1. Rg/Rh for segment 166-219: what does it come to with C-alpha atoms and Rh from Kirkwood?
2. Expressed as a rounded percentage, what relative contact order does the chain have, with Cα pairs under 8 Å and six or more residues apart?
3. Measure out, as a whole number of angstrom, how far apart the alpha-carbon centroids of segment 13-75 and segment 157-182 sit.
4. Apply the Debye scattering formula to segment 1-154, with a single equal point scatterer on each alpha-carbon and no solvent, then give log10 I(q)/I(0) at q = 0.13, 0.15, 0.16, 0.21 Å⁻¹.
5. Which semi-axes, in whole Å and largest first, does the equivalent ellipsoid of segment 13-54 have when worked out from the alpha carbon gyration tensor as the square roots of 5 times its eigenvalues?
6. Which number do you get for Rg(Cα) / (2.2 N^0.38 Å) in segment 107-160?
7. Could you work out how far the C-alpha centroid of segment 223-251 sits from that of segment 94-118, in angstrom?
8. Using a Förster distance of 30 angstrom, determine the FRET efficiency expected from the C-beta separation of Val279 and Asp226, and round it to 0.05.
Amino acid sequence: MSERFVDLHCHSTASDGTFAPSKVVALAVASGLSALALTDHDTIGGVSEAAESARKAGIDFLPGIEISCDVPRPATMHLLGYGVDPQSPILHDLTRRLVQARDDRNPRIIQKLNELGVAITMPEVETEAGGEVVGRPHIAAVLLRKGYVTSIKQAFDKYLGQGAAAYFDKERLTPRQAIGLVNESGGIAVLAHPVQLRTENDAQLERIFKDLKDVGLDGLEVIHSDHDAALVQKYTKLADRFGLLKTGGSDFHGTNKKDIRLGVANGRRIPREFFDALVERLASLRKTG
Ligand code: AMP
Ligand code: FE
Ligand code: FE
Ligand code: ZN
């Protein structure tokens with residue numbers, strides 16, 4: 001019975017996914033999912049189209065956003081904001097700032113690539129992106145199309161990834177800032193794919209959870225395509241211990257991450273209860289807020 005399943009982490013053409021928001025919803029419907037949250041990087045540009053498609057198709061929908069935070073290398077920390085108010089001026093300021101940080105960085109990557117003898121232009125990358133969020137996956141797609149690399153992975157390994165030849169970081173929010181702004185935008189903040197924190201031991205991991213919870217974190221993404229069964233079990237236990245909501249998603253990006261199917265995270269489905277608990281928490285915030 002697939003109505004029992006949802007997907008709370010996916011990307012559309014509004015950021016670095018390859019399917020339009022309405023198409024992602026159509027895929028959710030075709031996969032028998034009963035609810036979806038769209039979580040594009042740094043934008044809610046796809047949310048209204050997805051919400052409308054979901055309403056027409058009769059599945060439940062939550063607006064979402066994924067924000068990269070400033071943490072020491074080699075860790076990456078992404079926060080998911082669920083139930084943010086698309087009309088919130090704070091949210092608009094936030095997304096404008098995040099998009100600006102990309103726009104400041106991207107030309108530096110292009111210039112470095114040009115210096116390395118790679119003929120690629122900013123307009124080509126912007127055309128590839130199509131939306132306001134222009135990122136490394138779009139640069140990688142152009143490199144692939146022009147034959148400079150043979151895969152997206154190779155584009156990151158050789159040029160775009162941390163430590164690679166044309167790597168430049170972008171300005172990021174601190175975790176506290178990101179959580180605060182998500183909360184002020186009417187949303188709740190969830191730590192995405194904790195495995196990517198690359199912590200060295202459990203004490204370090206638990207310290208991070210505690211610190212984030214102290215500044216307003218509400219949940220932990222326990223099911224994700226990067227989590228094997230042991231990690232799912234571990235994060236589930238920790239979420240319960242820390243009093244954090246549990247969420248899950250595939251991190252579907254369309255053909256940009258070919259092996260990930262909407263609604264399936266490393267062979268695992270995401271239970272409907274995760275969605276219901278988020279909605280319930282949001283409703284109680286609205287009541288008291
Ligand atoms: P950006 O936000 O523009 O810095 O690009 C980061 C995005 O690039 C991530 O959200 C991933 O979707 C993608 N990405 C990062 N590293 C890799 C990699 N090694 N292979 C494929 N995609 C990657
Ligand atoms: Fe992405
Ligand atoms: Fe992420
Ligand atoms: Zn994601």
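1. Looking at segment 166-219, the ratio lands at 1.02.
2. 23
3. After rounding, the separation between the Cα centres reads 21 Å.
4. -0.67, -0.85, -0.94, -1.29
5. Equivalent ellipsoid semi-axes, largest first: 17, 10, 9 Å.
6. Numbers: Rg = 10.0 Å, N = 54, 2.2 N^0.38 = 10.0 Å.
In units of the 2.2 N^0.38 Å rule of thumb, it is 1.00.
7. 33
8. Details: r = 25 Å, r/R0 = 0.84.
Here the calculated transfer efficiency is 0.75.
A short reminder: the numbers here are calculations on the coordinates, not readings from a lab. Please read these numbers as outputs of a predicted model, since none were measured by experiment. So basically every Cβ, Gly included, is an ideal-geometry build from the backbone, and we count neighbours across all protein chains shown.
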